[in-house]
Amino acid sequence: MSNVPTIDLNDGVCITQLGFGVFQIKPDETAAAVKRALDIGYRHIDTAEMYGNEREVGQGIRDAGLDRAEVFVTSKLNNGCHEPDDARRAFDKTLEALGSDYVDLFLIHWPLPTLYGGDFVSTWKVLEEFSREGRARSVGVSNFQTAHLERLAAETGTVPSVNQIEVHPYFAQRQVQEFGAARGILTQAWSPIGGITFYREGSHGSTLDDPVIGAIARAHGKSPAQVTLRWGLQEGRSVIPKSTKPTRIAENIDVFDFELSADEIAAVDGLDTGRRGGPEPGAVTLEAYGREIPDA
Ligand SMILES: NC(=O)c1ccc[n+]([C@@H]2O[C@H](COP(=O)([O-])OP(=O)(O)OC[C@H]3O[C@@H](n4cnc5c(N)ncnc54)[C@H](OP(=O)(O)O)[C@@H]3O)[C@@H](O)[C@H]2O)c1
């Protein structure tokens with residue numbers, strides 16, 4: 001039985017707050033990593049069409065011997081498939097690859113503002129179609145900034161349930177988080193332990209080497225990764241850490257036996273540099289980042 005808390009989304013769907021991310025896990029390592037995560041208590045897996053490992057995520061869930069309904073599965077639309085018919089075709093492939101007739105959450109992966117005149121609103125309406133059909137229990141967005149969220153609100157009658165964005169101690173996107181919170185949109189943190197700060201060259205070092213986080217970790221007898229996850233959880237975000245290493249997969253869910261004080265939370269808040277590690281969402285265009293949908 002999982003001890004991870006759940007959060008009710010704005011559409012009534014219940015999400016497990018801490019999940020397991022599978023970005024950059026090679027397809028031939030994914031089923032084993034997913035099974036291991038599920039065996040030790042994770043009940044939420046975050047994949048995407050562009051990760052090329054949806055089929056292996058489905059396999060890992062079956063290997064774990066769990067009922068499909070026990071696991072919250074998220075996937076995301078391929079950047080090259082925003083046009084409505086492309087999105088429908090891509091979504092069919094996602095379900096086929098996962099070996100399931102539904103996903104729990106389906107996201108627009110990036111807003112792609114320059115593509116098709118920036119018409120992510122039509123794409124969003126197709127996701128709502130998946131929701132009405134019961135093939136996506138919940139629908140949301142990823143990497144949306146406040147202007148994108150404002151436009152969706154102005155042009156449709158609905159709001160996304162989730163906005164999955166880069167959030168870690170060095171880049172907290174407070175304005176986007178607050179805008180979402182005021183509208184009942186759950187912020188889900190990608191790179192929640194700061195992975196983007198150590199697998200990509202940036203203007204700052206790794207969050208895991210930060211002396212403030214290190215001191216808090218020593219005070220609690222926990223690791224910097226655990227402190228960083230705990231900070232995200234206590235601030236109400238969903239977090240989806242990734243690892244392929246069994247000890248770290250276990251470490252990253254072992255975060256429910258300690259609590260950060262208000263001062264410790266404030267100290268981590270104070271580390272925000274305002275500089276993102278990942279790409280500026282407005283710069284993620286199909287030309288720069290597009291890919292064929294792999295035959296997952
Ligand atoms: N929507 C988007 O655009 C978007 C973008 C990026 C990520 N995501 C999602 O968010 C998930 C997590 O993000 P992320 O993978 O970028 O970053 P992350 O989970 O913050 O960090 C992952 C990195 O940290 C290492 N690591 C994991 N646990 C550790 C620990 N306890 N101690 C030390 N190092 C540890 C991992 O290496 P090892 O594997 O070697 O342990 C990997 O290099 C992804 O898997 C994906 O599902 C979404």
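Search the stretch 153-165 for residues that are farther than 17 Å from P281 by Cβ and pair each with any residue that is open to solvent by 60 Å² or more (accessible area, probe 1.4 Å) and part of a helix (DSSP H, G or I) when their beta-carbon atoms are under 7 Å apart and the residues are at least 6 apart or on different chains.
Going by the 7 Å Cβ cut-off, the qualifying pairs are T156/K125.
Can you pull out the residues in the stretch 137-159 that are away from the ligand (no atom under 16 Å from the Cβ) and of a type in the set (A, V, I, L, M, F, W, C)?
If we filter the stretch 137-159 for residues that are away from the ligand (no atom under 16 Å from the Cβ), which is where we start, we get 137, 146-147, 150-159.
Residues satisfying the conditions are A147, L152, A153, A154, V159.
Checking I193 against (1) modelled with pLDDT under 95; (2) within 14 Å of the ligand (Cβ to nearest atom); (3) part of a loop (DSSP other than H, G, I, E, B); (4) open to solvent by less than 40 Å² (accessible area, probe 1.4 Å), which test does it fail?
In the conditions (1) modelled with pLDDT under 95; (2) within 14 Å of the ligand (Cβ to nearest atom); (3) part of a loop (DSSP other than H, G, I, E, B); (4) open to solvent by less than 40 Å² (accessible area, probe 1.4 Å), I193 misses (1) alone.
From the list I216, I185, I193, exactly one residue is of a type outside the set (D, E), farther than 22 Å from V34 by Cα and without any contact (Cβ under 8 Å) to a residue 60 or more places away in the chain. Which is it?
Exactly one of I216, I185, I193 is of a type outside the set (D, E), farther than 22 Å from V34 by Cα and without any contact (Cβ under 8 Å) to a residue 60 or more places away in the chain, namely I216.
Can you list the helices (runs of 4 or more DSSP H) found entirely within the stretch 1-110 that contain at least 3 residues being surrounded by 18 or more Cβ atoms within 10 Å (Cβ to Cβ) and out of contact with any Gly (no Cβ under 9 Å at 6 or more places or on another chain)? Steps first, answer last, please.
Values: elements: 27-39, 54-63, 84-98.
Those helices (runs of 4 or more DSSP H) span 54-63, 84-98.
Results for (1) closer than 14 Å to G195 by Cα; (2) open to solvent by less than 60 Å² (accessible area, probe 1.4 Å), shown as yes or no for each residue.
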| site | (1), (2) |
| --- | --- |
| I213 | no, yes |
| R230 | no, yes |
| T247 | no, no |
| E259 | no, no |
| E264 | no, yes |
| A267 | no, yes |
| G278 | yes, yes |
| T285 | no, yes |
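Take the residues of the stretch 125-155 that are charged (D, E, K, R) and not in a helix (DSSP H, G or I): which is nearest to D8 (Cα to Cα)?
By that ranking, first place goes to R137.
The values are calculated or read from the model by the stated rules, or taken from the named source; none is laboratory data. Quantities reported herein were computed from a predicted structural model and do not represent experimental measurements. Counting neighbours? That spans all protein chains shown, and the Cβs are built from the backbone with ideal geometry, glycine included. What goes into the accessible areas is simple: the full protein's heavy atoms, side chains included, and nothing from ligands, DNA or RNA. Shrake-Rupley method; radii C 1.70, N 1.55, O 1.52, S 1.80 Å.
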